[in-house]
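Structure record follows, encoded as structure tokens.
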Amino acid sequence: MTSTPHDLGTLKQVWNNIYQASKSKNLPYKISFTGGEVTANKNFLPLVEWLRSEFKDIAMISITTNGSASLNYYQRLSQLVESISFSTHSEFMDEQVFFDKVHAIDQIMIRPDKSVHVNIMDEFWNSARVPVYQSWLSERNISHSVNAIDYSHQTRTYPMIKGEQNLG
């Protein structure tokens, strides 16, 4: 299923509606953007830039991403958000490109002010690679966790496509 991404004006209006309805509480805002894939919307980065420039009471912005955007994109985004959580999706990723990107962004987003985390998706067809991912991330002291997947509603027994298994 796909949907048409919202334009920047609509995204700003949605935030303004939320902000107007809640600003009287005088609480710091903590905003989390999750999937689908937020970076697939060409208006996402301009939205985050706008939020940072116009709303000083936003204490934290975090995102969850599959890492499919360019390194340059994540470098720009890392200057605007406090947390980026990358999720592995072995069907679609080139391991070396994905993990090199994670490492580069982890070098920019230094704890405790900022953070990078990797959600290793425990896909049954890729379970042999999970220890490889864990080892690679541990060697570089990058936060990570293995996320179990509920296959009780499974509709297929194989990956749709096979990503590149090329991580050392």
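Every number in this text was worked out from the coordinates using simple rules, so none of it is lab data. Only a predicted model underlies this, so the values are computations on that prediction, with no experimental measurement involved. Cβ coordinates were reconstructed from backbone atoms using ideal geometry, including for glycine residues, and neighbour counts include every protein chain displayed.
List of remarks:
- FRET efficiency, Ser135 to Ile108 (Cβ-Cβ, R0 22 Å, nearest 0.05): 0.45
- Size of electric dipole in the chain: Cβ of Lys, Arg +1 and of Asp, Glu -1, about Cα centre, debye, nearest 20: 540 debye
- Each residue, Gln154 and Glu37, gets one label point 7 Å from its Cα in the Cβ direction; the gap between the two is 2.4 nm.
- Estimated FRET transfer efficiency (Asn119, Lys56; beta-carbon r; R0 35 Å; 0.05): 0.70
- Cα-based helix-to-principal-axis angle, 8-22 vs the chain, degrees rounded to 10: 70 degrees
- Helical runs assigned H by DSSP (4 residues or longer) give the chain a calculated mean residue ellipticity at 222 nm of -10500 deg cm²/dmol, each run adding -39500 (n - 2.57) before division by the residue total.
- Which labelled figure in (1) 11.3; (2) 10.7; (3) 12.0 is mean projected area of the Cα convex hull in nm², once derived from the coordinates: (1)
- Given Lys42/Lys162; Lys30/Lys162; Lys101/Lys162; Lys42/Lys101, the pairs whose alpha carbons are separated by over 30 Å: Lys30/Lys162
- Degrees, to the nearest 10: 95-108 long Cα axis against longest axis of the chain: 40 degrees
- The chain: angle of helix 44-54 to the longest principal axis, Cα-based, in degrees nearest 10: 40 degrees
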